[in-house]
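Have a look at the structure below, then the notes.
What follows draws every value from the coordinates through simple rules; no lab data is involved. These figures come from a predicted structure and were not determined experimentally. Every residue, glycine as well, gets a Cβ built from its backbone with ideal geometry; the counts of neighbours run over all protein chains shown.
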Amino acid sequence: MCVCDRVFKDFEWCELATLRVRDNRLDGKGVYALRVRERGDAVGNIISDVKKHLDKLGWLEFEDFVMNRVNRLENIQEYPIIYVGAAPNTLKGRYRDLCGRRHTALFAVLALLHGGWKLEFGWLKCDNPLQKEKILKEQYRNVHGKLPALMKR
């Protein structure tokens, strides 16, 4: 348990790997978060493994882009929440983005999953997702002194 659990107490949670885009629970707008349910390989080993695979590609621009996101894993501490976001259109759309379309946390999430981590996707439907996201980030920062690990730019 973490002190910040109270900030996300009203969220509905589902294992990231089993949640489907077509799940009707994701209809509507709201806020969402990514939470660590179970840790796997050490973060340092995960980052090194990703770097080793990217080095084989020889595509420097792509490597820079991916490693910028994957290196955010270094910010993971004992806190379970690793990302907070808003879905001003639909939760389904943001989850679809996370599933490979365009999401800033995608490569870090893939690296964690490859390293045996179990993650959860949580959401809370609300009328003003951008305002609620701002409040959640402020509450999280008040508890931990910083934003969740994958939110550093």
**OP:** Select from segment 11-84 those chymotrypsin sites (Phe, Trp or Tyr not before Pro) which occupy a DSSP coil region and have at most 14 other Cβ atoms within 10 Å, ordered by residue number.
**Re:** Trp59
**OP:** Kindly rank 108-119, 35-46 from highest to lowest mean number of other beta carbons found within 10 Å of each residue.
**Re:** 108-119, 35-46
Subject >> Theoretical ellipticity at 222 nm over the chain - DSSP helices of four or more residues, -39500 (n - 2.57) apiece, nearest 500 >> reply: -12000 deg cm²/dmol
Subject >> Gain on full stretching of the segment that runs from Ala17 to Asn71 - 0.36 nm per residue minus C-alpha separation >> reply: 17.3 nm
**OP:** Within segment 75-150, list the GluC sites (Glu not before Pro) lying in a DSSP loop whose Cβ has at most 10 other Cβ atoms in a 10 Å radius.
**Re:** Glu78
Original post:
Dipole of segment 38-137 (Lys/Arg Cβ +1, Asp/Glu Cβ -1, origin at the Cα centre): which of Ile47, Leu113, Cys126 lies farthest to the positive side?
Top reply: Cys126
Subject >> Largest-first principal axis extents, alpha carbons of the chain, Å >> reply: 46, 32, 25
